[in-house]
Amino acid sequence: MVRELVMPKLGLTMTEGVLAEWRVSPGQPFRSGDVLLVVETDKIASEVEADSDGVLIETTIPAGETVAVGTPIARWSADGAGAAPAPEPAETPAANPAPTPVNARPLPAPVRSNGERILSTPLARRRAEGLGVDLAAVTGSGPRGRIKVADVEAAAQTRPTPQPAPQPEPEAPKIELPAGERSKPTTLQATVARRLTAAKRDVPHFYLAAEAEVTELAALRDRLNADTESGLPRISMTHLVLAAVGRALAAMPEMDRVWDDEAPGGAILALGRGDIGMAVDTPRGLVAPVLRGAATLPLDRLAAEAASLTRRARDGRLTEEDFQGGAVTVSNAGMHNVTYMTSIINPGQSSILGVGSVRSVFRPDAAGAPVLKRELGLVLSADHRLFDGVTALAFLNRIIAGLERPLRLLRAA
């Protein structure tokens, strides 16, 4: 009855992951739905739950190691066979609460007034604390009534009292090191560094830079956001750029392709779904989840879904599926005072659009007189194995045309 636990494959493109944390210890029993371990990829951290009851016999891979998919990482038993005998418990009152799982980072498992443990995931406990939700009043939808993040958010939306205002994101701690001292990167930092180094080394990048005149675009955004009674989501410059890229992608489906390195000799894979990656700055670092079907979404739906994706990214609620697909990513750094941004293509994709800040500049009109313009700097990084300069420039010019004639963005592609 002794079985092996292997490193799971959490996404189509996952080949390895970092075993970030064990949530159970050798000899400790667990129930179906309990979190056994946390796995980090270059994209996300995922909690791996047990699909049946059992006892962990031993771990063969320590936390912090990078492990290939399918590699045995522990041994467990469904009936406790092979496990070291548990020590006899000391006599305690009958109402003593169940022990809290071994884990230093999440909040402690809550208990009811009678001492009964409330089954809930660590993410659900953190979310409940942030929203001020009492877990004792939440009905769980997971195994054995386990409370998940979705249950907490549903309870928060149905409360008669208003939700507390969201707290500002904590600033990243400033690390001061003595001159010349080295520090070891986190496992996630090391994985990201290795993947981006490989992408820059193995993908033949080329770059195209241009400006879009966005006076009309900014005016349209302001008019849309001024209509507070419409109930529509607020429109940002990122949403408008995503819409322009989506319309260009719908007109040029040949840009919705990636190079498949796993095929013998390489192959060109057509995606054809119009998905677009969207870079989001989070407390954990920069991530780029994929906005599904962005090429054909009307602007209001695109803005709503992009805002939802951003919230989930910053709350740490993305899944591995949120990073699958997409040939192009939009990375907008305009809020950080930069004219141009030349970006590295994300591994597995074929292009990325770096977006700068809106600048006020004087340009000559037809008579040579200076005219004040508002311009947005754009840099398209593209994979030369798939695209030549003419094709990529046609794509960039379509994006610019959408930004300079913004009423087109109000229609679905």
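The values are calculated or read from the model by the stated rules, or taken from the named source; none is laboratory data. The model shown is predicted, which means the values in this text are computed figures rather than measured ones. Note that each Cβ is placed from the backbone with ideal geometry, even for glycine, and that neighbours are counted across all protein chains shown. These area figures cover heavy atoms from the full protein model, side chains too; ligands, DNA and RNA do not enter into them. Shrake-Rupley method; radii C 1.70, N 1.55, O 1.52, S 1.80 Å.
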Worksheet item: Once the Cβ-Cβ distance between Ala68 and Asp365 is put in as r, and R0 is 60 Å, what FRET efficiency do you end up with, to the nearest 0.05?
Response: 0.45
Discussion item. Considering only C-alpha atoms, what is the centroid distance from segment 220-247 to segment 338-400, in Å?
Written reply: 21 Å
Worksheet, complete the sentence: Carbon plus sulfur, as percent of the 1.4 Å-probe accessible area of segment 190-258, comes to 55 percent
Item to complete: Give the shape of segment 321-413 as rounded, prolate or oblate, defined through the alpha-carbon gyration tensor: a ≥ b ≥ c are the square roots of its eigenvalues, a/c under 1.5 means rounded, and otherwise the shape is prolate if a/b is larger than b/c and oblate if not.
Response: prolate
Item to complete: Name the residues whose placed amide hydrogens come within less than 5 Å of the amide hydrogen of Glu16, ignoring near sequence neighbours (fewer than 5 apart) on the same chain.
Response: Val69
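Skip the ligands, DNA and RNA, and give the accessible area per residue of segment 263-413 with a 1.4 Å probe, whole Å².
On the way: 6840 Å² over 151 residues.
Averaged over the residues of segment 263-413, the accessible area is 45 Å².
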Worksheet entry | Extension gain (nm, one decimal) between Ile344 and Ala267, 0.36 nm per residue minus Cα-Cα | 25.6 nm
Worksheet item: So what J values fall out for segment 320-327 if you push phi through Karplus, 6.51 cos²θ - 1.76 cosθ + 1.60 with θ = phi - 60°, rounded to Hz, Gly and Pro as x?
Response: 4, 5, 5, 10, 8, x, x, 9
Worksheet item: Rounded, prolate or oblate: which fits segment 235-298, taking a ≥ b ≥ c as square roots of the Cα gyration tensor eigenvalues, rounded meaning a/c under 1.5, else prolate when a/b beats b/c?
Response: oblate
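Per residue, how large is the accessible surface of segment 6-63? Use a 1.4 angstrom probe and give square angstrom. Write out the running numbers ahead of the final one.
Working: 2300 Å² over 58 residues.
Here the residues of segment 6-63 average 40 Å² of exposed surface.
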